Amino acid sequence: MGGQKFMLTFKEDEQAICQLTRAGGGACVGKTNTAVVIGFWKKEKVDSNGRAQNMDDCFRLVKEMTDYLIEQGF
């Protein structure tokens, strides 16, 4: 993705969400019936609260958006 190589580190079959890592960051991918939600994070970046970006927050936000889209029929 984006010209970068990622390694699959975790896959949750029930909710169709996976975690990917690469040097300095990673991504989370969620799947609905008609959409794919992708969130990226980098260790050196900060979020809107001034905290360092991390895999746990990325996973939580992708899961929330994926769940929302599924509830809306996507």
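When the solvent-accessible area of the chain is split by element, carbon and sulfur atoms take up 54 percent of it, the probe being 1.4 Å.
Note on the range 18-73: dipole from Cβ charges, positive end direction compared against PHE40, VAL62, GLY30; the farthest Cα belongs to PHE40. The accessible-area ordering, largest first, of the residues THR32, THR21, THR9 stands as THR9, THR21, THR32, per a 1.4 angstrom probe. Remark: the range 2-17, residue by residue, has Karplus-estimated 3J(HN,Hα) of x, x, 10, 8, 10, 10, 5, 10, 7, 9, 9, 5, 4, 9, 6, 10 Hz, where x stands for each Gly or Pro and the curve is 6.51 cos²θ - 1.76 cosθ + 1.60 at θ = phi - 60°. LEU61 contributes about 100 Å² of solvent-accessible surface, heavy atoms of the protein only, 1.4 Å probe.
Of the trypsin sites (Lys or Arg not before Pro) found in the chain, those in coil by DSSP whose Cβ has at most 13 other Cβ atoms within 10 Å are LYS5, LYS43, LYS45, ARG51.
Pairwise Cα distances in the chain exceed 14 Å in 59 percent of cases.
Solvent exposure of the chain, expressed per residue, is 70 Å² of accessible area, with all protein chains present and a 1.4 angstrom probe. Helix 55-71 and the long axis of the chain differ in direction by around 20°, with both axes built from C-alpha atoms. Put a plus charge on the Cβ of each Lys and Arg, a minus charge on the Cβ of each Asp and Glu, and nothing anywhere else: the dipole of the chain about its Cα centre is then about 440 debye.
The values are calculated or read from the model by the stated rules, or taken from the named source; none is laboratory data. Since we're looking at a predicted model, the values are computed, not measured. Note that we place each Cβ from the backbone using ideal geometry, even for glycine, and neighbour counts take in every protein chain shown. Each accessible area value is taken on the protein alone, full model and side chains, heavy atoms only, with ligands, DNA and RNA left out. Shrake-Rupley method; radii C 1.70, N 1.55, O 1.52, S 1.80 Å.
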